[in-house]
Every structure is written in structure tokens, then in C-alpha cells.
1. Could you grab me the full set of residues in the range 102-136 that are crowded, with 23+ Cβ neighbours inside 10 Å, at pLDDT 95 or above and either part of a loop (DSSP other than H, G, I, E, B) or of a type in the set (A, V, I, L, M) (or both)?
2. Would you pick out the residues in the range 137-150 that are open to solvent by less than 10 Å² (accessible area, probe 1.4 Å) and more than 6 Å from ligand 1 (Cβ to nearest atom)?
3. Residues in the range 280-330 that are modelled with pLDDT of 95 or more and open to solvent by 40 Å² or more (accessible area, probe 1.4 Å): how many?
4. Could you list all residues from the range 254-291 that are more than 14 Å from ligand 1 (Cβ to nearest atom) and among the charged types (D, E, K, R)?
5. Which numbered condition in (1) of a type outside the set (A, V, I, L, M); (2) within 13 Å of ligand 2 (Cβ to nearest atom); (3) more than 16 Å from ALA204 (Cβ to Cβ) is the only one that GLN113 fails?
6. Can you find a residue that is away from ligand 2 (no atom under 16 Å from the Cβ), at pLDDT 95 or above and within 27 Å of GLU299 (Cα to Cα) anywhere in the range 170-188?
7. Can you go through LEU153, LEU165 and tell me which one is away from ligand 1 (no atom under 12 Å from the Cβ), part of a strand (DSSP E or B) and open to solvent by less than 10 Å² (accessible area, probe 1.4 Å)?
8. Any idea which residue in the range 282-312 is nearest to the chain's Cα centre (by Cα), counting only those that are part of a loop (DSSP other than H, G, I, E, B) and within 16 Å of ligand 2 (Cβ to nearest atom)?
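The values are calculated or read from the model by the stated rules, or taken from the named source; none is laboratory data. Every value quoted in this text rests on a predicted model; they were computed, and no experiment measured them. Don't worry about glycine lacking a Cβ; one is built from the backbone with ideal geometry, like all the others, and counts go over all protein chains shown. The accessibility values were calculated without ligands, DNA or RNA, using every heavy atom of the protein model including side chains. Shrake-Rupley method; radii C 1.70, N 1.55, O 1.52, S 1.80 Å.
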Amino acid sequence: MSRIYEALQKAESERALEKGEREPRTPEQLAQPVSPAPPPDFEPLAPALVTEAEYEVAPAAAPPRPRYVAPTPTSTAAVTKEPLDLTKIERRPWSPAFAKLPSLLHRGPAVEQFRSLRSRIFELRDLSPLKSILVSSGMPQEGKSFVSVNLALSLARHKNSKVLLIDGDMRRYSMHQILGCEAQPGLADYLAGKASIVEIMQRAEEMPSLESAKQPAFPNLTFIAGGNGGDKAADLSGSPRFGDLIRQASPYFDWIIIDSSPVLPVSDAVNLARFCDGVLLVARGGVTKYPVAQRAQSELKAAKVLGFVLNAVHEAPEVGSYYGYDSTNE
Ligand SMILES: Nc1ncnc2c1ncn2[C@@H]1O[C@H](COP(=O)(O)OP(=O)(O)OP(=O)(O)O)[C@@H](O)[C@H]1O
Ligand SMILES: [Mg+2]
């Protein structure tokens, strides 16, 4: 039995017991489709990475879903091949929801787990080129946006790395709410040919700082919001302009983290993944069913799945400990 299955099952049993069910749920009950209802509120818990090698693929795969066929670009607007002038990026006022950004804290379990995740990513980068990472999951509300933004900030805090964070969920973009900034113009506007790359990038006007962090919160973060996609999100996600964006932005950043839609209901993330170096899949403890995680991985088989982030679990699997590590050394 794989570690992710064990962890998902344990978290599910714990949650069932917390809800007052007398007996832990059976494997058959656990295999029921995931509920679309959002999970109940709970204290922030640390995510943990389980690599693909530890993820066991069961022989009975879900029947394949018809593939999305990439449409012709919706705009003929030429993509500039000029170098990007990042000094022109607009600085805007941000009012971040700090409660959703535990990776900014000085220390704590979430900080430690995001550092562990970051370390695993560094290890993977040592094995093969890795800069653009798409974050996805099987179903809604599993923590893609939470993991994306906190991973991006954790990476940005390491040796002043320059990080580009993109809200690639053009249907239900929410990253701007976490960062407390405008959602437009954003990715959808660029993909539709209505704005240039630099026009959709934004940075925080004044560096908001957390007293406990004793350092600026967003010194190295550049953000691209979801933008005004409306009902065109599916078409836009298939645009080759996304590949141009990643290619043109790459030389200026150490990391590019892209949040995305869930892969089982819609194909947007699969389209975006074609242009990324790797994909991180999120599974939520006590919510994500094993077959759902399995099907999500199988949807992304054409991409390089780096591993699973097991989000919101009470006890993270042992993947390396950094307790006692002082963030001032980052
Ligand atoms: N580890 C965590 N601890 C506490 N709250 C969390 C955690 N992960 C996610 N959440 C909360 O759960 C909710 C859903 O998370 P999030 O928006 O990141 O999911 P999502 O997969 O991006 O959802 P969607 O598919 O709708 O975009 C949010 O309110 C978020 O703050
Ligand atoms: Mg999201």
C-alpha cells in the first residue's frame, strides 16, 4: 500500500471519528467519489510532499475522458520577442490575507513543511531542469491556491530568489484575494491578445511586512492575476501564447509557480501543463479519495508529475525535518 493511500485513509478515518461516526469508514466507503462540498473550516496545517515514486498506481485506471482539443488562438496580436522591461511592472497596493500565508511566518509547522517541500523541489531540480511548476489537483477545494501561493513565497524567501506567481485558474481565480490586489488585467487578457506580458505583471506597492517575520513580505514576488477570462477560459488555456509567456519570462525568474483549475472537471490545467517543466498535485487529507488522486495523475500523464503534496493533514509523513532551522539564514 502506498504512503499517500495510507495517509489519505488515516486522515479520512480521523475526520470521520471527529465528526462523531462510531467506526472508521471502510475502504469501500472511502472509495466513494469525493464530495463537491467545500471542506469545513479548520486550523492551518502543514502540507507534506509525497513523491511520485512513492505513489502507487493501481491497475484499474478510470476510463479516459475525451481530450480537449486546443483551439486556434483567439487573437492574432503578435507576441513581442523583445526583452521584457521589468522596470515597467506596475506597483500596486496589496492587502494580503496574512492568515492564509503561513509561509511568511518566522517559524511554525507550516513554515517547516513548506521549507521541506521547497527542499524536495530543489532536489528534483538537481536531477533535471525545473523552473516552471504547475500546481493542480483532481477536484475543487483541495488547496491548490493555498499551496501555490505559500510555495511561491517560501521559494522567494530562499536566497532572495525571484519568483513569478501566476493565477492560471481563469475560471475561479482567487489568488488576488489572498494577496489582496486587483485581478485585472491578468493572464486571460494577455492570452486574448489584449495586454502585454509586462502589463499583466504586478508587484506590491509598499512591502507589507509581518512583525514576526522581521522582513519584507514580498520583496521578490511578481504576480500575474487571473484576468478577465469570462466564459472564454477553456479556449484561452489552449492558447500557445501561454508557452510564449513562460519562455519569455523564464530568463528573469528563478521560479515560476502556476496555480490552476482542478483537472477532473475541466481540461484547462492539462493544457497549461504542456508548457511547464513539472506538475505538483495536491491531495487534501480527509477529503481527497485515493481514486480521485489516481485519476488526476492519469489525466496529466503527458506532463511531468513531480509528486503529490498531501495538504491539511494532522501528521505529516516524515520527509525530512528542518526544526530549529533559523529563517534568517534563508
Ligand atoms: N492546509 C490548509 N490549512 C488551512 N486551510 C486550508 C489549507 N489548505 C487550504 N485551506 C483553505 O481551504 C479552502 C480551499 O483552499 P484553496 O482555495 O487553496 O483550494 P483550491 O484547490 O485552490 O480550490 P479551487 O479548486 O476552488 O480553486 C480555502 O479557504 C483555503 O484557505
Ligand atoms: Mg484555487
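1. The answer is LEU117, ILE133, LEU134, VAL135.
2. GLY138, VAL147, SER148, VAL149, ASN150
3. Selection size over the range 280-330: 5.
4. Listed by number, the residues that qualify are ASP254, ARG274, ASP277, LYS289.
5. Checking GLN113 against (1) of a type outside the set (A, V, I, L, M); (2) within 13 Å of ligand 2 (Cβ to nearest atom); (3) more than 16 Å from ALA204 (Cβ to Cβ), the one that fails is (2).
6. For the range 170-188, residues away from ligand 2 (no atom under 16 Å from the Cβ), at pLDDT 95 or above and within 27 Å of GLU299 (Cα to Cα): absent.
7. Details: LEU153 fails: part of a strand (DSSP E or B).
Only one candidate qualifies: LEU165.
8. Of the range 282-312, the ones part of a loop (DSSP other than H, G, I, E, B) are 285-289, 300-304, 312.
Next cut, within 16 Å of ligand 2 (Cβ to nearest atom) only: 287-288, 312.
Details: VAL287: 17, THR288: 16, ALA312: 14 Å.
By that ranking, first place goes to ALA312.
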